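Written below as structure tokens is the structure these notes are about.
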Amino acid sequence: MNHQDNLDREREVRERIAALMQAAGQARTKQITDQELQKLKTAANHLDQMLNDAEEADREALRNAAARLDRLLADIGARKNVAGDRKQRRDRKDGKD
């Protein structure tokens with residue numbers, strides 16, 4: 001999942017929460033109870049944690065990609081033949097083991 005997908009998903013979640021809160025606000029005329037407020041805070045914290053976890057996963061994927069690129073560039077700098085390795089890896093991904 002790329003960064004743009006996460007941003008889109010985060011925006012969608014925020015819009016849904018805002019719509020639900022707006023609908024709940026229009027439907028209710030009484031005050032929210034402490035128990036309901038605590039449930040909302042817990043849900044908001046859970047959503048924040050999910051978003052942070054997704055963001056951390058993206059950062060980890062980027063670190064791994066950067067490390068692979070560094071190794072590839074080092075191999076190229078050392079004049080190693082990297083073309084064969086790249087083709088083998090691509091074939092494995094395509095299921096051509």
Within the range 58-68, considering residues that are free of Cβ contacts under 8 Å to residues at least 12 places away in the same chain and surrounded by 12 or more Cβ atoms within 10 Å (Cβ to Cβ), the one farthest from the chain's Cα centre (by Cα): LEU62
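Is it the case, given these coordinates, that ALA44 is part of a helix (DSSP H, G or I), modelled with pLDDT of 90 or more, surrounded by 11 or more Cβ atoms within 10 Å (Cβ to Cβ) and on the phi < 0 side of the Ramachandran plot? Spell out the reasoning first.
On the way: part of a helix (DSSP H, G or I): yes; modelled with pLDDT of 90 or more: yes; surrounded by 11 or more Cβ atoms within 10 Å (Cβ to Cβ): yes; on the phi < 0 side of the Ramachandran plot: yes.
When the stated conditions are applied, ALA44 passes them.
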Set ARG9, ARG71: member being modelled with pLDDT under 90 and surrounded by 10 or more Cβ atoms within 10 Å (Cβ to Cβ): ARG9
Any pair with Cβ under 7 angstrom, 6 or more apart, that starts in the range 31-57 at a residue that is closer than 29 Å to ASP8 by Cβ and ends at one that is not polar (S, T, N, Q): LEU47/VAL13; LEU51/GLU10
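Report yes if THR29 is over 19 Å from the mean Cα position of the chain (by Cα), among the hydroxyl-bearing types (Ser, Thr, Tyr), at pLDDT 85 or above and exposed (fewer than 10 other Cβ atoms within 10 Å of the Cβ), otherwise no.
Details: over 19 Å from the mean Cα position of the chain (by Cα): yes; among the hydroxyl-bearing types (Ser, Thr, Tyr): yes; at pLDDT 85 or above: no; exposed (fewer than 10 other Cβ atoms within 10 Å of the Cβ): yes.
Judged against the criteria, THR29 is not a match.
The values are calculated or read from the model by the stated rules, or taken from the named source; none is laboratory data. Remember, predicted model here, so these are calculated numbers, not experimental data. Neighbour counts run over all protein chains shown; Cβ positions are idealised from the backbone, glycine included.
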